[in-house]
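The values are calculated or read from the model by the stated rules, or taken from the named source; none is laboratory data. Nothing here was measured: the structure is a model prediction, and the numbers come from that model. Glycine gets a Cβ as well: all are built from the backbone with ideal geometry, and neighbour counts include every protein chain shown.
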Amino acid sequence: MIRGMRNRVGGSTADNKDPSSPARRKLLQAGALLIALVSTSVRMAFSREDTAPPLGQSLRQLARHLFPHDQLPDAQYEHIASSLVSRASTDSKLAGILKAGVALLDEEGSPPWLMRDEAQQLTAIKRIEGSDFFRLMRTTCIEHLYRNEDVWHMLGYQGSSIEFGGYVGRGFDDIDWLPAESEAQ
């Protein structure tokens, strides 16, 4: 009886050892497919690790140069870079713009752009000011930084005052960088 159940459930053990049995072929095909998928995934993971960090680091540093705020932690600029790298993983046109843009930054100097001092980095940025890459970075930085309420608080911006009657009722007298009225006269 046990032998009969074995035949109905998965075939006999003799069938599984036969290289021409359909069950064995399916098992071998599934194993080969699994090995191919795992090896491809590992290869892709290593290739992303090789290219993504320098790209992300370059984008983060460029964002910091374009909109330098001492009050902002690197995490805010890292968010910009990781957002672009993530979008580029599914958008080949964006990926091309980012890679070409970083290549433009690296173009003139012998060390990579990231390895240069601040003055050399700024010179390279001025050189690419009219490029699509520069416009993309500028727009993305504006969107990520100045539409983020956490950044507003770090920079001392209270946010919109329209819903509170405008700046006459909220924020108009908050400036502390002008001399007091008695000192001005």
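Is it the case that some residue within the range 142-158 is outside any helix (DSSP H, G or I), surrounded by 10 or more Cβ atoms within 10 Å (Cβ to Cβ), out of contact with any helix residue (DSSP H, G or I) (no Cβ under 7 Å at 6 or more places or on another chain) and touching a residue at least 60 places away in the same chain (Cβ under 8 Å)?
The answer is yes; a qualifying residue exists.
Please determine whether any residue of the range 163-173 is surrounded by 12 or more Cβ atoms within 10 Å (Cβ to Cβ), more than 24 Å from the chain's Cα centre (by Cα) and within 25 Å of residue 59 (Cα to Cα).
no
Name the residues in the range 58-91 that are outside any helix (DSSP H, G or I), touching a Leu at 6+ places or on another chain (Cβ under 7 Å) and among the polar types (S, T, N, Q), would you? Step through it out loud before you land on a result.
If we filter the range 58-91 for residues that are outside any helix (DSSP H, G or I), which is where we start, we get 67-73, 89-91.
Filter again for touching a Leu at 6+ places or on another chain (Cβ under 7 Å), leaving 67, 69, 71.
Once the filter is applied, which keeps residues that are outside any helix (DSSP H, G or I), touching a Leu at 6+ places or on another chain (Cβ under 7 Å) and among the polar types (S, T, N, Q), the range 58-91 yields only 71.
How many residues does the range 90-113 hold that are under 17 Å from the mean Cα position of the chain (by Cα) and not basic (Lys, Arg)?
11
Filter the range 74-93 down to the residues that are within 19 Å of residue 149 (Cα to Cα) and either of a type in the set (Val, Ile, Thr) or out of contact with any helix residue (DSSP H, G or I) (no Cβ under 8 Å at 6 or more places or on another chain) (or both) and list them by number.
Correct list: 75, 80.
Tell me, which residue of the range 119-137 that is touching a residue at least 24 places away in the same chain (Cβ under 8 Å) and loosely packed, with under 13 Cβ neighbours inside 10 Å is nearest to residue 97 (Cα to Cα)?
Per the criteria, the residue is 132.
Quick one: which residue in 96, 109, 101 is in a loop (DSSP other than H, G, I, E, B) and over 17 Å from residue 151 (Cα atoms)?
Answer to the selection: 109.
Scan the range 38-53 and give yes if some residue there is at pLDDT 70 or above and not in a loop (DSSP other than H, G, I, E, B), otherwise no. Don't jump to the end; show me each part of the working.
Of the residues in the range 38-53, the ones at pLDDT 70 or above are none.
For the range 38-53, residues at pLDDT 70 or above and not in a loop (DSSP other than H, G, I, E, B): absent.
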